[in-house]
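What follows is one structure encoded as C-alpha cells, with my remarks underneath.
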Amino acid sequence: MTTTLTIDGSAVHDIPSLYAELNRVLMPDEEWTLGESLDALDDLLYGGFGVLDGSAPVSICWQDHGSARDALGLETTLAYYQAKLARPEVYSVSVAEAAITALRAGTGPTYFELVLQVFESHPNIDLILV
C-alpha cells in the first residue's frame, strides 16, 4: 500500500518556510525537526524516522508547487549561496562561487530545482507537482 502525503506550496515563501512545511508533512510526531539542509532532506527521504518507512513506496503531492518554485527561485538561491560565502570556515567558497556564476548565466539550478533533485534520487518516492 502506498502512503500519500501533501505538501502545501502556498506555505513556502523562503527556505525556512519550506523546511517548516516539510517538517509538518514528514515529521509530525517527532520531537525534533529537520534542519534547513538539502543533505538533511536527503537523509530524511531514506526513511526510518518521521512518516517515511525505509523503501516503502510513498506518493507526495506538492500542491501549488508554482508558488514554491517562485519563492525558491533565482534571488533566494543567490542569497543561499552568498550566505555560504560569508562562512568560508564551514562552506567551500569555490563551490558557492561556481554555483553563483552558473545561476547568473542561467545554467545553475535554483533551490527549488535542487530540492526536486533530492526527491528524484529516491525511487520509492513519487513526487507529483500540481
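Among the residues of the range 27-37, those identified as surrounded by 14 or more Cβ atoms within 10 Å (Cβ to Cβ) and either closer than 13 Å to Val115 by Cβ or charged (D, E, K, R) (or both) are Leu34, Glu36. Give Asp29, Asp64, Asp39, Asp53 a once-over and let me know the one that is at negative phi, at pLDDT 95 or above and among the acidic types (Asp, Glu). Exactly one residue qualifies, and that residue is Asp39.
When the test is whether a residue is part of a helix (DSSP H, G or I), out of contact with any strand residue (DSSP E or B) (no Cβ under 7 Å at 6 or more places or on another chain), among the small types (Gly, Ala, Ser) and open to solvent by 50 Å² or more (accessible area, probe 1.4 Å), Ala20 passes it. If the condition is being touching a Leu at 6+ places or on another chain (Cβ under 7 Å) and either surrounded by fewer than 16 Cβ atoms within 10 Å (Cβ to Cβ) or without any contact (Cβ under 8 Å) to a residue 12 or more places away in the chain (or both), then the range 62-76 contributes only Leu74. Scanning the range 53-111 for residues that are of a type in the set (Ser, Thr, Tyr) and within 17 Å of the chain's Cα centre (by Cα) returns Ser59, Ser67, Thr76, Thr77, Tyr80, Tyr81, Thr110, Tyr111. Residues in the range 80-109 that are touching a Gly at 6+ places or on another chain (Cβ under 9 Å) and open to solvent by 80 Å² or more (accessible area, probe 1.4 Å): Thr101 only. Thr33 meets the stated requirement of being of a type in the set (Val, Ile, Thr) and either within 13 Å of Ile7 (Cβ to Cβ) or in a loop (DSSP other than H, G, I, E, B) (or both).
The values are calculated or read from the model by the stated rules, or taken from the named source; none is laboratory data. Source: prediction; values computed, not measured. Neighbour counts run over all protein chains shown; Cβ positions are idealised from the backbone, glycine included. To get the accessible areas, we keep the full protein, side chains included, count just its heavy atoms, and leave off ligands, DNA and RNA. Shrake-Rupley method; radii C 1.70, N 1.55, O 1.52, S 1.80 Å.
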